[in-house]
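The values are calculated or read from the model by the stated rules, or taken from the named source; none is laboratory data. Just so you know, these numbers come straight off a predicted model, no measurement behind them. Please note: Cβ atoms are built from the backbone with ideal geometry, for glycine as well, and neighbour counts cover all protein chains shown. Side chains included, ligands, DNA and RNA excluded: accessible areas come from the protein's heavy atoms. Shrake-Rupley method; radii C 1.70, N 1.55, O 1.52, S 1.80 Å.
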Amino acid sequence: MIQTVPQSIITIALCALATILTRFIPFILFRSKEKTPKVVEYLGKALPAALFAMLVVYCLRNTKISTGNHGIPELIGILVVTAAYFWKKNMLVSMAAGTIVYMLLVQFVF
């Protein structure tokens, strides 16, 4: 379906507004004068690890260890991510390294 120019402008404006609101609302709700609620502090500590655990499960959900390459590229990718994180202490670098190694293995080795 072809969008018209006004539809595209409205879509972009709504996406921009939603992004801006999600960035500003926490600063409006939790001003620096007030103490941050304990539940928000807990979520700030617990959610990153939970999200990465879910991401790992999601990425490995279709890995079949009984057939094909037996999950070897996935395992090597996980090891690269882990080693790169402990080496550089940078999540972005470790995820990029693991992804690159995994894609190279899948494309050229397995």
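Quick look at the values:
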{"item": "Residue-averaged [θ]222 nm for the chain, counting only DSSP H segments that reach four residues, each worth -39500 (n - 2.57)", "result": "-24500 deg cm²/dmol"}
{"item": "The chain: relative contact order in percent, alpha carbon pairs under 8 Å with at least 6 residues between", "result": "15"}
{"item": "For the stretch 16-28, Karplus couplings with θ = phi - 60° (6.51, -1.76, 1.60), whole Hz, Gly/Pro x", "result": "5, 4, 4, 5, 4, 4, 5, 7, 8, 4, x, 6, 6"}
{"item": "Among 63-72, 89-98, the order from most to least packed when residues are scored by Cβ within 10 Å on average", "result": "89-98, 63-72"}
{"item": "Per residue solvent-accessible surface (Å²) - the stretch 63-110, probe of 1.4 Å", "result": "73"}
{"item": "At 0.890 mPa s and 25 °C, Stokes diffusion of the stretch 63-110 via Kirkwood alpha-carbon radius, µm² per second", "result": "225"}
{"item": "Rule-of-thumb Rg ratio for the chain [Cα; 2.2 N^0.38 Å; N residues]", "result": "1.58"}
{"item": "Apportionment of accessible area to carbon and sulfur, the stretch 63-110, percent (1.4 Å)", "result": "74"}
